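Undergrad: Handing you this structure, nothing more for now.
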Amino acid sequence: MLNNKFVFEKLTEKFGEAIIGYEESFDLITIHADKEHNLKILQFLYDEEGLAFRFMTDLTAIHYPDNPGKELVVTYLLYNMPENFHVRLKFALDINEPNIYTASQLHPTANWLERECYDFFGVNFIGHPNLIRVMNVDEMDYFPMRKEFPLEDQTRADKDDEMFGRGGHFNFGNITI
Amino acid sequence: MIHNKRPVTHNTNVKIVDMPEGFQGEGFMATQLSKVVGMARKNSIWPLPFATSCCGIEFMATMGSTYDLARFGSERLAFTPRQCDLLMVMGTISKKMGPVLKQVYIQMAEPRWVVAVGACASSGGIFDTYSVLQGIDQVIPVDVYVPGCPPRPEGIIDGILRIQDLVETESIRRRDSEEYRELLKSYGIS
């Protein structure tokens, strides 16, 4: 049977230093790892007997503006369907060099998910066959889910900026790994 | 037994549009062309529903038997812009939908009118966000705005009646006027 400890031990045994950390919330394992190894880890989880995470449920990113050098965290949610078991992987990127290898050759579903991730966070997936915007208008010249950009539309002048969260700084929790 | 007589109720409340003012005598009537054209256009508006969200559901109720928009001559919905007089935009229009809406408007033949139904179509509504167009009047000219989130069918009918007022009183030369061309030009439509 799969369990969190088994998955973590398998990964540390194979990748050693590249696995940075491990946490559990609501019984769901989250593994923090080095971004250079993302594809190798995904491939290992896919191929290895007893792990077989062959279904990518989700791929997204999170922006932590108060973590210098690790602002963007790319998150994969993988699923072992026969065992009904999830594992979450997190890879922190520097916002000035948001490069990570594409998983679209391994999981075809990652193709559009990575495009969406690029669209909203500007993560550059190296080797992606068609890394263009998928949800937003093509003319958009910024990545709207990054927290330095206000959520509100900037063309509106009929609202009081202060009341609608424009300008100033908000504490995003300053979450550290 | 064969009933050759059955009770028949005739509708005696049928309303007919009033004749325009004019000079008449035996066998003829003289009036202004614009009044006849206005009357005819007003009572035969073909709406094009461009429904993207809950305002569209209210519009379905408006077209249904309880509210029955057909009473006002808008009997015939068409789903091709080329046949329609009135573009009814109901619901949130995202920025990505903006060019589509504009294309639909361009495909309509003159004279054409636009009604923005609901808060989203009029101003972006609660969706003050990077992805939503803050009112369709950023891409096409709008004649009537219907407030509400969503407006009740009565509100939509009131919007149609305001459109009818505009249609009835519009000068038949308006669409050739310099002002109108300027208006379209300001939207990048020529």
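Undergrad: Are there any pairs, at least 6 apart or on different chains, whose C-beta atoms fall under 9 Å, with the first in region A:124-135 and of a type in the set (Gly, Ala, Ser) and the second surrounded by 11 or more Cβ atoms within 10 Å (Cβ to Cβ) and assigned to a loop (DSSP other than H, G, I, E, B), and if so, which?
TA: Close Cβ pairs satisfying both conditions: A:GLY127/A:THR102; A:GLY127/A:SER104; A:GLY127/A:GLN105.
Undergrad: Could you check B:GLY148 against (1) away from chain A (no Cβ under 14 Å); (2) under 16 Å from the mean Cα position of the chain (by Cα) and say which number it fails?
TA: (2)
Undergrad: Right, next: Anything in region A:74-99 that is without any contact (Cβ under 8 Å) to a residue 24 or more places away in the chain and buried (at least 17 other Cβ atoms within 10 Å of the Cβ)? List them, or say none.
TA: Across region A:74-99, the qualifying residue is only A:LEU77.
Undergrad: Hey, another quick one. Select from region A:119-143 the residues that are touching a Pro at 6+ places or on another chain (Cβ under 9 Å) and part of a loop (DSSP other than H, G, I, E, B) and write down the one among them that is surrounded by the most Cβ atoms within 10 Å (Cβ to Cβ).
TA: A:VAL123
Undergrad: Another question, then. Among (1) modelled with pLDDT under 90; (2) assigned to a loop (DSSP other than H, G, I, E, B); (3) surrounded by fewer than 15 Cβ atoms within 10 Å (Cβ to Cβ); (4) within 14 Å of chain B (Cβ to nearest Cβ), where does A:ARG146 come up short?
TA: Condition not satisfied by A:ARG146: (3).
Undergrad: So which residues in region A:93-143 are more than 13 Å from every other protein chain (Cβ to nearest Cβ), in contact with a helix residue (DSSP H, G or I) (Cβ under 7 Å, 6 or more places away or on another chain) and under 13 Å from A:HIS63 (Cβ atoms)?
TA: A:LEU93, A:VAL123
Undergrad: Of the conditions (1) within 14 Å of chain A (Cβ to nearest Cβ); (2) touching a Gly at 6+ places or on another chain (Cβ under 6 Å); (3) of a type outside the set (Phe, Trp, Tyr); (4) outside any loop (DSSP other than H, G, I, E, B), B:ASP137 clears all except one; give me its number.
TA: (2) is the only condition that B:ASP137 fails.
Undergrad: So, one more: Could you tell me how many of the residues in region B:169-190 are touching a residue at least 12 places away in the same chain (Cβ under 8 Å), within 30 Å of B:SER53 (Cα to Cα) and assigned to a helix (DSSP H, G or I)?
TA: 2
Undergrad: I need a count of the residues in region B:89-101 that are farther than 23 Å from B:ILE156 by Cβ and surrounded by 16 or more Cβ atoms within 10 Å (Cβ to Cβ).
TA: Summing the residues that are farther than 23 Å from B:ILE156 by Cβ and surrounded by 16 or more Cβ atoms within 10 Å (Cβ to Cβ) in region B:89-101 gives 2.
Undergrad: Let me ask something additional. Contact list please: Cβ distance under 6 Å, first residue in region A:138-149 and touching a residue at least 12 places away in the same chain (Cβ under 8 Å), second residue assigned to a loop (DSSP other than H, G, I, E, B) and not aromatic (Phe, Trp, Tyr), pairs at least six apart or on different chains.
TA: Cβ pairs passing all conditions: A:PHE143/A:GLY122; A:LYS147/A:PRO65.
Undergrad: Hey, can you tell me all the residues within region B:149-165 that are aliphatic (A, V, I, L, M) and surrounded by 15 or more Cβ atoms within 10 Å (Cβ to Cβ)?
TA: Answer for region B:149-165, where residues must be aliphatic (A, V, I, L, M) and surrounded by 15 or more Cβ atoms within 10 Å (Cβ to Cβ): B:ILE156, B:ILE157, B:ILE160, B:ILE163.
Undergrad: Which condition breaks for B:ASP68 when tested against (1) on the phi < 0 side of the Ramachandran plot; (2) away from chain A (no Cβ under 14 Å)?
TA: (1)
Undergrad: When you check B:TYR180 against the structure, is it aromatic (Phe, Trp, Tyr) and touching a helix residue (DSSP H, G or I) at 6+ places or on another chain (Cβ under 7 Å), yes or no?
TA: yes
The values are calculated or read from the model by the stated rules, or taken from the named source; none is laboratory data. All values derive from a computational prediction rather than experimental measurement. Ideal geometry is used to build each Cβ from the backbone, glycine not excepted, and the neighbour counts take in all protein chains shown.
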